[in-house]
Amino acid sequence: MTKLSLYLASMLLGSNFSATTPMIQPPAHVSQIQVAAAETQLLDSLNAERWDRGLSILSENPLLVEVARAHSREMYEKSYFDHVSPTPGLKTPMARYLKALGSTPAWACVGENLFYCSIVDVERGHLAFMKSPRHRENILNPRFEQVGIGVYISPDGQFFVTQVFLAQVD
């Protein structure tokens, strides 16, 4: 309990709050607050998993949030669910990140987790990530230092989540 309390205190004191990250305009029926709340809850859940295992918490990277939000929305708009995008120049998670960055760092490692559900269910998403060996590996990878989580809730209530993880040397 002490670890969790310390983690929550560090999150509150050190948070840059998702609401400060530019929002892709959600559908009319979905508020920006609802999207930001889901993203924050997912971030808190993955950092709690890391904290419980003695790993450093991941800082939220606003650029990664934008990349993740765009991918979640694109999957809905282009009717697919995959790490590989049909959009030229944005095929892979690394390509999407580098395009948004506008430069090439000396070294970067990018990981990506995807979740889809026909209803908005943040807890189900986090549990699905933790039950999947590959997704869990990204969440608990000690090399990753930053994360961006992007949620898109479609007009018919479908829930798309993209988590983009980053370790980088400039």
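The values are calculated or read from the model by the stated rules, or taken from the named source; none is laboratory data. Every value quoted in this text rests on a predicted model; they were computed, and no experiment measured them. Quick reminder, even Gly has a Cβ in these numbers, built from the backbone with ideal geometry, and neighbours come from all protein chains shown. Areas reflect the complete protein model, heavy atoms only, side chains present, ligands, DNA and RNA absent. Shrake-Rupley method; radii C 1.70, N 1.55, O 1.52, S 1.80 Å.
When you scan the stretch 57-84, how many residues do you find that are on the phi > 0 side of the Ramachandran plot and surrounded by 14 or more Cβ atoms within 10 Å (Cβ to Cβ)? Of the residues in that region, 0 qualify. Residues in the stretch 73-86 include none that are among the hydroxyl-bearing types (Ser, Thr, Tyr) and touching a helix residue (DSSP H, G or I) at 6+ places or on another chain (Cβ under 6 Å).
Only one entry of Phe115, Phe129, Phe144, Phe160 meets the criterion of being part of a loop (DSSP other than H, G, I, E, B) and not small (Gly, Ala, Ser), and that entry is Phe144.
In the stretch 89-129, what residues are touching a strand residue (DSSP E or B) at 6+ places or on another chain (Cβ under 7 Å) and in contact (Cβ under 8 Å) with a residue 60 or more places away in the chain?
Pro93, Tyr97, Pro105, Ala106, Trp107, Ala108, Val120, Gly125, Phe129
Being assigned to a helix (DSSP H, G or I) and at negative phi is a property that Glu123 has.
Residue count for the stretch 91-112 satisfying the condition of being open to solvent by 30 Å² or more (accessible area, probe 1.4 Å), of a type in the set (A, V, I, L, M) and assigned to a strand (DSSP E or B): 1. Can you say whether Gly54 is modelled with pLDDT of 95 or more and under 11 Å from the mean Cα position of the chain (by Cα), as far as the supplied structure shows? When the stated conditions are applied, Gly54 does not pass them. Might you check whether a residue that is in contact with a helix residue (DSSP H, G or I) (Cβ under 6 Å, 6 or more places away or on another chain), of a type in the set (Gly, Ala, Ser) and without any contact (Cβ under 8 Å) to a residue 60 or more places away in the chain occurs anywhere in the stretch 29-47? Taking every residue of the stretch 29-47 in turn, at least one turns out to be in contact with a helix residue (DSSP H, G or I) (Cβ under 6 Å, 6 or more places away or on another chain), of a type in the set (Gly, Ala, Ser) and without any contact (Cβ under 8 Å) to a residue 60 or more places away in the chain. Please tell me if Ser132 is surrounded by 15 or more Cβ atoms within 10 Å (Cβ to Cβ) and either of a type outside the set (Asp, Glu) or without any contact (Cβ under 8 Å) to a residue 60 or more places away in the chain (or both). Here the answer is no, as Ser132 does not meet what is asked. Residue count for the stretch 141-163 satisfying the condition of being open to solvent by 30 Å² or more (accessible area, probe 1.4 Å) and either β-branched (Val, Ile, Thr) or farther than 21 Å from Glu66 by Cβ (or both): 5.
Residues that are closer than 23 Å to Val35 by Cα and not in a helix (DSSP H, G or I) within the stretch 46-89 comprise Ile57, Leu58, Ser59, Glu60, Asn61, Lys78, Ser79, Tyr80, Phe81, Asp82, His83, Ser85, listed in sequence order.
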